[in-house]
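The values are calculated or read from the model by the stated rules, or taken from the named source; none is laboratory data. Everything numeric in this text was worked out from a predicted model, so none of it was measured. Here the Cβ positions follow ideal geometry from the backbone for every residue, glycine too, while neighbour counts run over all protein chains shown. For the accessible areas, the whole protein counts, side chains as well, though only heavy atoms, and no ligand, DNA or RNA atoms are used. Shrake-Rupley method; radii C 1.70, N 1.55, O 1.52, S 1.80 Å.
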Amino acid sequence: MDLLNTLVEKGLRRELPTREEALAVLATSDDDLLEVVAAAGKVRRQWFGRRVKLNYLVNLKSGLCPEDCSYCSQRLGSTAEILKYTWLKPEEASKAAAAGVAGGAKRVCLVASGRGPTDRDVDRVSRTIEAIKEQNEDVEVCACLGLLSNGQAERLRAAGADAYNHNLNTSEGTYGDITTTHTYADRVDTVRQAQAAGLSACSGLIAGMGESDADLVDVVFSLRALDPDSVPVNFLIPFEGTPLAKEWNLTPQRCLRILAMARFVCPDVEVRLAGGREVHLRSMQPLALHLVNSIFLGDYLTSEGQEGKADLEMIADAGFEVEGAGTTTLPEHRAGGCGPCGGAESEQAVSVQAGADAALSDRTAVAAGEDPSDPSTGNDPAARRDLVAVRRRGAGTDLAPNA
């Protein structure tokens, strides 16, 4: 397929695909799926070999968030029956992190619900980072605390944080349909604050919220312009008790096409398979390892993932290897701070115009045979609801974590 040959050549050169090429990946048929995976896999192996980086989530403060993000079980007004607890003590968080590190995790991600941290919260998280680093000197620590205020990123960096996560989640054009209590620009500003403070930026998306192909391309192109070091790709977990509980729009095949598109647009960036992989990829998770070079080990913030042992077995059975602590994740040219992947494009060059592509997106969705009104192309909510398991172990409980 000429399209795939072109995309592989561009990926090996770190060259940005066109929007039309990215949309065409999402429009490929299921008959072509293995060719798409194989092509994107060539790009993945060029920059990351067969290594898989493991990351481990620790939910420092769960539930009772004042923000109204429609996808989130911790949102204002959520009736999802999740764990709710206030801040873990530094020693509790360090113990939870140690379980992930023992399971093979190279990075620990410290997450707290809320709009953003107070200065007191930053002090608390700083003590937690220090406690984790005392026990595991080589582990990477990423903080995810919401919108940052001036100076907070610098304080986290001084405490030993290596990275900061703040996802864009969806396209700028549709952001207001998902969240009203803050803006897309607020999120972009927080990522830039983290970068300016010398933290490795982590920013990604959530697929499956009813967005169009054009929206998916928009947000991935925006991420490339923002130039984070890691791009987590989440698939919506439709929690009962949230506004998006009925959004079962994804098939395993569509998830793989989304991951392939992200890899072609961000060829030398850590693309991470994140929340929802068990729910939507299911038995096709091993194929995703040919596209991503990073996954979360074990459970997520408020939902359970597959057993950590099963994750490790899946990686080995698929012919991949867990990335060791002494290995640098990013290719040398990115680890050395060369700037945006591809090196030449400006934000203007990769700016997105969702409206102009709406008609094209509709045509490509039809070409892919993915009419959202046709239940045969998605998941039956009644049949799939049992796949969403609320986390009842690990942080905030007396039960051992899944790692």
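Out of the helices (runs of 4 or more DSSP H) lying entirely within region 114-194, which hold 2 or more residues that are closer than 25 Å to T86 by Cβ?
Filter on region 114-194 gives 119-135, 152-159.
From the list T118, T79, exactly one residue is out of contact with any helix residue (DSSP H, G or I) (no Cβ under 8 Å at 6 or more places or on another chain), β-branched (V, I, T), under 30 Å from E247 (Cβ atoms) and surrounded by fewer than 18 Cβ atoms within 10 Å (Cβ to Cβ). Which is it?
The match here is T79.
Look at L33 and say whether it is open to solvent by less than 40 Å² (accessible area, probe 1.4 Å), over 21 Å from the mean Cα position of the chain (by Cα) and farther than 30 Å from D138 by Cα.
yes
Taking the condition under 20 Å from D186 (Cβ atoms), among the β-branched types (V, I, T) and modelled with pLDDT of 95 or more, does V101 pass?
Answer is no for this residue.
Which residues, taken from region 237-256, are over 21 Å from L289 (Cβ atoms) and of a type in the set (A, V, I, L, M)?
Within region 237-256, L244, A245 meet the criteria.
Among the listed residues L57, L3, L26, which satisfies the condition of being under 21 Å from the mean Cα position of the chain (by Cα), within 26 Å of M284 (Cα to Cα), open to solvent by 10 Å² or more (accessible area, probe 1.4 Å) and not polar (S, T, N, Q)?
None of the others qualify; the one that does is L57.
For L110, which of the numbered conditions (1) open to solvent by 20 Å² or more (accessible area, probe 1.4 Å); (2) farther than 23 Å from D218 by Cβ fails to hold?
Going through (1) open to solvent by 20 Å² or more (accessible area, probe 1.4 Å); (2) farther than 23 Å from D218 by Cβ one by one, L110 breaks only (1).
Within region 275-312, track down each residue that is within 21 Å of R392 (Cα to Cα), without any contact (Cβ under 8 Å) to a residue 40 or more places away in the chain and small (G, A, S).
A310
Name every residue in region 185-215 that is surrounded by fewer than 24 Cβ atoms within 10 Å (Cβ to Cβ) and farther than 28 Å from V108 by Cβ, in order of residue number.
A185, G210, S212
Considering only residues that are in contact with a Pro (Cβ under 8 Å, 6 or more places away or on another chain) and either part of a helix (DSSP H, G or I) or aromatic (F, W, Y) (or both), which ones fall in region 198-257?
R224, A225, W248
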